[in-house]
Structures are given as structure tokens and as C-alpha cells.
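Colleague: After the C-alpha cells below, expect a handful of questions from me.
Read-outs: derived from the displayed coordinates by stated rules, not from any lab. The structure displayed is predicted, hence computed values, not measured ones.
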């Protein structure tokens, strides 16, 4: 399959002082040769500006359309990206507008069904943002601590941990949970698990960014390989004496996030716990049976939203 138009390696331009956008020729009617040439020059200029900003790793993110769409708007040319816009004017200057910032937080968990009279659990959540190579893991509750879950008043645990802040893109959230049985070193296991998840996620994406990397996360082999990596890591944990829940992952496509974020779900409440999870959009379900055959079921909750901002930068058009 040929590379997409916004593959970052195709946007590198030779070094000239500036790209000059030809001024419209009033003699040539709309849609004529002069305007067609003007559009080609503008498209090259916008690609060069985007590349100079960092391409997929910039605050703009990827183009909104499958192919970069450049259009004329009065005396300038512009193109829309998932988190902003680039405008190029005839005097060789450009404006870069960042107007959307996507955020993802881990906000809590619910003990739906406990394995024992009281579970002692800890875990790791993570996020992969393939478009700009974002990768983060977070151990909870942190250090050598565990969460006592299952008794009345202890079915919901809340937190507010930022996992991602950047341009709108596809993301994959990851969750893993472990039932502590007093054998393993909680802090060491959690750190090892977080490190392994980060390493496996990085290996799966390799050097890919942009649309090629996002396309990878849609493939069955990516999900299967990630699940295998979880199984491999959790096998090590199981060998340390604690009981792991099989890790799970969930892909959240950028077009489901939209310009204002996905719809929030009703607050998560329970009659046997006064606590609640008031803001969430997605959840991961983890379930397992321990050595004694006891079944446990936990839900991990994430909140995805989009902030509206207005950050404008003026800059010369990079070399053609």
C-alpha cells in the first residue's frame, strides 16, 4: 500500500529562504491555470509548515481528512488538522492555530464481584497514542500500597490520573490488575509490569507515527500481540505468588472523540458504597478466577474529553 499524503517522510522540502505564494491574477478566471498553480504552491507550503511544527507530533496532530485538503478562503489558503489549522498568505507568512487539546484520565475502579471476603489489589493502567508516539503507564495505588476492595463501603475507588494531553488522535488504553496474596513485592511487581507494558507497546509500534501507526492499532494482529505480551508479563507476576487478572486494552478512535469529546456516561454509583465515579466515558472490564476457583470482576474507568483553546503562532513559510 503506498504511503499516505501526510507521511512525515514525504514532507521534507529542499532549503530555500521562503516559499512565495503567487498573488491571484484577476485576469484569469476562477479555476484557471494560475489558481491551480497557486493551490499547488500553497499545498506545498502548508505541508512544509506542518512538518516544521513537528508533523504528527505537533500540537495540530494529523489532517482531518484521509488526504490533506487545502482550500482558498479570501486572500489566503488553509488546511484543517484534527487540533487546529494552518493558514498561508500571499506575503509568505503563515499562521498556525491550535484550537483543541484532547485529554485522557484514569478516574477509578469498581469491584463488581470480589474473589475473596476482601480483595487486596493493585495494578497498572497505560495509554498508547500511536499518531505521535505518546506512551504512558501509571501504577496504582502507588508504591507498595494495595487497595482493600469488596466490603460494604469499599466497592468504588476514585483517582484522577492524567494519561494523555495532546492533539486529537486514536488512543489505546490498557489496564492490568493483580490480587495480592502477601508473597510478591508489590512495588517491584508494579514497576516491572509498567516497564514491560511500555516496552511491549513501543516495540509493537516501532518507528511508526501518524496514520501508518494508527492503522496498525486497528489490526487484529496488534490486539492479539498486545494480549500475548500481557500474558507473558502476567505469567512472570503469577510466578511471584500473586494472582493476575488478564490485561485488557481498548482502542478509542479519534473520530469518536470528535471536537468536543465523547458523551459522558451517567455517574457510576452503588447502593453499598457512598463513593461514586462522576465523570467517565469508557471502561475496561477485567475478570479472572484465582487458584481456588474464586471469580473476580473489576471495571476500570477512563474519562476522555477535549478542551477548546486558542493558541496562534505566526511564522515565515519554510523553504520549498
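Colleague: Do you know the relative contact order of the range 94-165, to the nearest whole percent, from alpha carbon pairs under 8 angstrom that are 6+ apart?
Modeller: Normalised by residue count, the contact order of the range 94-165 is 46 percent.
Colleague: Let me know the Rg and Dmax you get for the range 87-213 when you use only its Cα atoms, in Å.
Modeller: 19.3, 72
Colleague: Compute the Cα gyration tensor for the range 264-320, then decide on rounded, prolate or oblate, letting a ≥ b ≥ c be the square roots of its eigenvalues: rounded whenever a/c is under 1.5, prolate when a/b is larger than b/c in the other cases, and oblate in all that remain.
Modeller: oblate
Colleague: I've got another one for you. With 10 Å bins from zero, work out the P(r) of the range 101-306 over every alpha carbon pair and list the percent per bin.
Modeller: Histogram of Cα-Cα distances, whole percents per bin: 9, 36, 36, 17, 2.
Colleague: If you build the convex hull over the alpha carbons only and average its shadow over all orientations, what do you get for the range 112-171? Give it in nm² to one decimal.
Modeller: 5.3 nm²
Colleague: Given a cut-off of under 8 Å on Cα pairs at least six residues apart, what relative contact order in percent is computed for the range 101-306?
Modeller: Computed over the range 101-306, the figure is 31 percent.
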